[in-house]
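Take a look at the structure below.
The values are calculated or read from the model by the stated rules, or taken from the named source; none is laboratory data. None of the values given here were measured: they were computed from a predicted structure. Cβ placement follows ideal geometry from the backbone for every residue including glycine, while neighbour counts extend to all protein chains displayed.
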Amino acid sequence: MERIAVYPGSFDPVTNGHIDIIERGLNLFDKIIVAILYNPAKKSMFSVEERKKMLKESLANFDNVEVDSFSGLLVDYARMRNAKAILRGMRAVSDFEYEFQLALMNRRLDKKIQTVFLITGLRWIFISSSIIKDAAKFGGNIDGLVPETVKLHLHKKFRQEAE
């Protein structure tokens, strides 16, 4: 039986920290579904379709990674996709309490779906999508922090906003 994990997130935009979690997750799982949560209450810079495009471009070299989006409960989505695990990355202790609460609720909703945490690689521990967007907005150098395609999309987005 194929070991499938869902890696959920907003990915607004995807960073090299996210890519690191996916690459290392592939050592544990046969397939990872990178799933963008559609949350109309959350203000995102990029649309779900734009984020899917950036993820697909960034993950083009991985045959066993799929990009998708969903709304509703994560465990329902994971069950629908025959996933046995939810993959989550943690950067710092500050992530732990929130992630722990989510994992416990997901476990209560479906005991068959496990949550697997991977600690972000040290070189990515300080970055987040929000920090990347802030740096890019004010002309900061984000080389090596995001895939090249994401850097281009960010620069294009900020040029459009400036016009």
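Filter the range 97-141 down to residues that are aromatic (Phe, Trp, Tyr), surrounded by 14 or more Cβ atoms within 10 Å (Cβ to Cβ) and within 22 Å of ALA78 (Cβ to Cβ), then give me how many there are. So that I can check it myself, show each step before the final result.
As a first pass, look at the range 97-141 and keep what is aromatic (Phe, Trp, Tyr): 98, 100, 117, 124, 126, 138.
Okay, now just the ones that are also surrounded by 14 or more Cβ atoms within 10 Å (Cβ to Cβ), so 117, 124.
Now drop any that are not within 22 Å of ALA78 (Cβ to Cβ), which leaves 117.
Number satisfying all stated conditions: 1.
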- Item | Qualifying positions in the range 5-21 - β-branched (Val, Ile, Thr), in contact with a strand residue (DSSP E or B) (Cβ under 6 Å, 6 or more places away or on another chain) and either within 17 Å of ALA60 (Cα to Cα) or in a helix (DSSP H, G or I) (or both) | ILE21
- Top-ranked residue in the range 20-44 [being of a type outside the set (Val, Ile, Thr) and touching a helix residue (DSSP H, G or I) at 6+ places or on another chain (Cβ under 7 Å); ranked as farthest from GLU148 (Cα to Cα)]: TYR38
- Looking at this structure, is SER129 on the phi < 0 side of the Ramachandran plot, within 14 Å of the chain's Cα centre (by Cα) and among the polar types (S, T, N, Q)? yes
- When the range 32-60 is checked residue by residue, the ones that are within 18 Å of ARG88 (Cβ to Cβ) and modelled with pLDDT under 95 are LEU37, ASN39, LYS42
- Single unsatisfied condition, LYS151 versus (1) among the basic types (Lys, Arg); (2) surrounded by fewer than 17 Cβ atoms within 10 Å (Cβ to Cβ); (3) at pLDDT 90 or above: (2)
- Task: For the range 45-67, state whether one or more residues are over 17 Å from SER129 (Cα atoms), touching a helix residue (DSSP H, G or I) at 6+ places or on another chain (Cβ under 7 Å) and among the polar types (S, T, N, Q).
- Result: no
- Message: Would you confirm whether or not the range 131-141 contains a residue that is touching a Phe, Trp or Tyr at 6+ places or on another chain (Cβ under 8 Å) and in contact (Cβ under 8 Å) with a residue 40 or more places away in the chain?
- Response: no
